[in-house]
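Pasting in a structure now, in structure tokens, and then I'll have a few things to ask.
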Amino acid sequence: MNMFTEVVPGTAELSLSQHGRFSGFRSEIMMDLAVALLRLLPPEPAHHTTVWLASNFGYFLPRAKEDDPRLGIEVLGHRFANPIGLAAGFDKNASAYHALFKMGFGHIECGTVTPYPQKGNPGTRILRLREDSAVLNRMGFNNDGMEVVASRLFRHIHDGIIGINIGANRDSGDRIDDYRAAFTLLAPLAGYVAVNVSSPNTPRLRKLQSCEALHVLLETLVKARGDMKVPLLLKIAPDLEEAELDDIAAEVAAAGIEGLIVSNTTEARPSSLKSPRSGESGGLSGTPLFRMSTDVLRGMRVRLGPKYILIGVGGVNSGATAYEKIRAGASLVQIYTALIYHGPGLVARIKRDLLAYLERDGFSCIADAVGADVKP
Ligand SMILES: Cc1cc2nc3c(=O)[nH]c(=O)nc-3n(C[C@H](O)[C@H](O)[C@H](O)COP(=O)(O)O)c2cc1C
């Protein structure tokens, strides 16, 4: 499987009828050709080429079929056509989301975006741990900077909800001011803003999850938001102690932000890992992250209750794992690593299986299943 499979829809799930047989056939040939060529590249160049192809030729991709209304959910002041989103880090620079929406995502989180453009860490920065259905990344917030990203979002009409994930420049003298600046420019263009204090690849960034720093950060952002209606979500790490999670829940409630994204990649290396390069530095994502991120998600639902919105991310690779996140308290679910191993047809399969789970359990819509496994 190749990085390219992240953006090339599985043809079985696509409705050719909306675009006519010829355009569907033509795009299938183009995709097959592109897959064959991209398989020759290592992960990061393949990823960049994929994003480039999606941003320049996404027009030719057929649109995924319309979602069953039972998959729709109203949260964060928006109606999401379905609960499945693309996690931050794929479309870092908001250059391919119009093509990515065609795969059937209900939302796409662009970013992480920092105030100034930066290259990120040197060397090889993405490793596939095939034996573990996992990925290690140590990108370090490579991105085009907030002004370029803002100009891209400004130009386009969106097919779904766009979240924008913001962060601080590595060499910034005032990281909290970086979040303020990125928020101020990007929030008017966003369906929600995700405050990323949990990347393991920018030194000391995770310290912003500590009580005092988080208090100042959230206070600053809530003040910058003023009368703007844009929802604020904090994206946290899965590597936090219970006491730290207590503090975060208290700060979220005190600041009056809308909720959490749980979780980013982990610095832990579960003993189950089999891949020879699993000991290298970086954040681990994919299947080995599922259990720990879902446990943190459930714990935060218990702490915060149903009033706060949780987005569940980490190791989702099927309808069953997406549904478990929803039952643990997630109103929305995001995926990234599983797309690398299962291809973009996964989005349609997850949605189909979610409908089957709703029917099996007697729920009339996704909202009814949210938090079903968490006792009030
Ligand atoms: C290559 C790569 C780059 C990522 N970049 C970001 C990022 O810029 N900002 C962020 O908040 N999360 C980033 N993430 C983390 C994902 O958004 C997600 O939280 C994590 O991968 C767990 O989901 P998964 O197991 O479905 O991949 C990145 C993940 C990967 C694999």
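What follows draws every value from the coordinates through simple rules; no lab data is involved. Not measured: the values here are computed from a predicted model. In this analysis, Cβ positions are derived from the backbone assuming ideal geometry, glycine residues included, and neighbour counts consider all displayed protein chains.
For a quick check: with amide H placed at 1.01 Å from N, whose amide H comes under 5 Å from Ala330's, ignoring anything fewer than 5 positions away on the same chain?
Amide H to amide H, under 5 Å and 5 or more residues apart or across chains, Ala330 pairs with Gly371.
Starting from 0.36 nm per residue, how many nanometres of slack lie between Lys274 and His78 once their C-alpha separation is accounted for? Please list the in-between numbers first.
Details: separation 196, 0.36 × 196 = 70.56 nm, distance 4.16 nm.
Full-extension gain reported as 66.4 nm.
Can you give the Rg to Rh ratio for region 65-369, taking only C-alpha atoms and Rh from Kirkwood? Provide the component values of the computation, followed by the final result.
Details: Rg = 17.8 Å, Rh = 19.1 Å.
Ratio value, two decimals: 0.93.
Still on this structure, please answer the following. Give, in nm to one decimal, the length gained when the segment between Asp68 and Lys119 is fully stretched (0.36 nm per residue of separation minus the Cα-Cα distance). Can you show the working numbers first?
Numbers: separation 51, 0.36 × 51 = 18.36 nm, distance 4.09 nm.
This chain segment gains 14.3 nm when fully extended.
Continuing with this model, one more query. Residue by residue, what Karplus-based ³J(HN,Hα) values in Hz, rounded to whole numbers, does region 205-216 have, using 6.51, -1.76 and 1.60 with θ = phi - 60° and x for Gly and Pro?
Calculated HN-Hα couplings, in order: 4, 5, 5, 5, 7, 6, 3, 5, 4, 5, 4, 5 Hz.
Modelling each spin label as a point 7 Å along the Cα-to-Cβ direction, I'd like the Thr220/Asp177 distance in nm, to one decimal.
0.9
Spelling out what I want: for every residue of region 238-252, take phi, set θ = phi - 60°, compute 6.51 cos²θ - 1.76 cosθ + 1.60 (Karplus), and round to whole Hz; glycine and proline get x.
Ordered by residue, 3J(HN,Hα) equals x, 9, 9, 6, 4, 5, 5, 5, 4, 4, 5, 4, 5, 5, 4 Hz.
Right, next: Roughly how many nanometres apart are two label points built 7 Å out from the Cα toward the Cβ at Lys307 and Glu359?
3.8
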